[in-house]
Amino acid sequence: MYKKPIIVFEGIEGSGKTFHINHLSKYLKKKKVKFIKLREPGGDVNSEKIRKLILNNKSNFHKKTDLLLYLAARNENLENLIKNNYGKKIILIDRFVDSTIAYQHYGMGIDINFINMINKFILKKIKINLTFLNLVSRKNMLIRLKKRKKLNRYDKFKINFYTKVQKGYMKIAKKGNNKYVTINSNKIININKKIVIDEVNKLL
């Protein structure tokens, strides 16, 4: 149906979304399929600069400032990377619009109408074709975070915050504005790798 889709990987910390986007990248590269991969925050050169500000452990921005920085980083990606490749290459994104709603609205309580208004303004006609929502148990999330050599500011919130965010993600997926595929990250990883590849192949 979509020859050059936008595919997004969402989920809280330790849910395996980055693993799966990297695995899919290797698969597409092997198949010689043209794609670009970016992350949020980050991606574009300017977005990476903003990422360092947001995730720095010494940063203590107000939650509204955090939101505006995330949206600023997204705008740089849209203007410099996404729009230039939209419809020409597959676009893989590690976190996107739904992350902002899950974290900043459901997690931090910022007005969803404000978030939606700015997202709509900067995205314009850009549409997401498929979202993989990676879900993880509290236990496995904590185990995986402990294995990380370095934790950023968003890896250090209280466990209840991540619970709220994950529930927020599930509410977003239930509304079904985009096509969602839920990945249970507590299962054997090879099962989930196959699910991702199979779903992407259907889309292509």
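Beta carbons closer than 6 Å, at least 6 apart along the sequence or on distinct chains, pair a first residue in the range 124-135 that is touching a residue at least 12 places away in the same chain (Cβ under 8 Å) and more than 15 Å from GLY176 (Cβ to Cβ) with a second that is buried (at least 19 other Cβ atoms within 10 Å of the Cβ) and of a type in the set (A, V, I, L, M) for ASN134/ILE183.
Scanning the range 95-117 for residues that are crowded, with 17+ Cβ neighbours inside 10 Å and assigned to a helix (DSSP H, G or I) gives VAL97, ASP98, SER99, THR100, ILE101, ALA102, TYR103, GLN104, HIS105, TYR106, GLY107, ILE115.
Determine whether TYR27 is modelled with pLDDT of 95 or more and over 23 Å from ILE189 (Cα atoms). No: the conditions fail for TYR27.
Considering the range 5-47, the residues that are assigned to a loop (DSSP other than H, G, I, E, B) and of a type in the set (Val, Ile, Thr) include one that is nearest to PHE132 (Cα to Cα), namely ILE12.
In the range 160-188, the residues that are farther than 22 Å from ASN116 by Cβ reach residues that are basic (Lys, Arg) and in a helix (DSSP H, G or I) with C-beta atoms within less than 8 angstrom, at least six apart or across chains, in these pairs: TYR162/ARG138; THR163/ARG138. Applying the selection to the range 71-94, what residues are closer than 23 Å to ASP155 by Cβ and in a helix (DSSP H, G or I)? The answer is LEU71, ALA72, ALA73, ARG74, ASN77.
Taking first residues from the range 72-97 that are among the acidic types (Asp, Glu) and partners that are surrounded by fewer than 17 Cβ atoms within 10 Å (Cβ to Cβ), the Cβ contacts under 7 Å between residues at least 6 apart in sequence or on separate chains come to GLU76/ASN46; ASP94/THR18.
Per this entry, LEU204 is not counted among residues that are in contact with a strand residue (DSSP E or B) (Cβ under 9 Å, 6 or more places away or on another chain), in contact (Cβ under 8 Å) with a residue 40 or more places away in the chain and under 15 Å from PHE9 (Cα atoms). For the range 175-191, filtering for residues that are under 17 Å from the mean Cα position of the chain (by Cα) and farther than 16 Å from PHE9 by Cβ leaves 2.
The residues on offer are LEU68, LEU53, and the sole one that is assigned to a helix (DSSP H, G or I) and under 19 Å from ILE110 (Cα atoms) is LEU68. Restricting ALA72, ALA102 to residues that are over 21 Å from ASN178 (Cβ atoms) and of a type in the set (A, V, I, L, M) narrows the list to ALA72.
Counting only residues that are out of contact with any strand residue (DSSP E or B) (no Cβ under 9 Å at 6 or more places or on another chain), charged (D, E, K, R) and within 25 Å of LEU151 (Cβ to Cβ), the range 1-47 holds 1 of them.
The values are calculated or read from the model by the stated rules, or taken from the named source; none is laboratory data. A quick note: this is a predicted structure, and the numbers were derived from the prediction, not measured. Please note: Cβ atoms are built from the backbone with ideal geometry, for glycine as well, and neighbour counts cover all protein chains shown.
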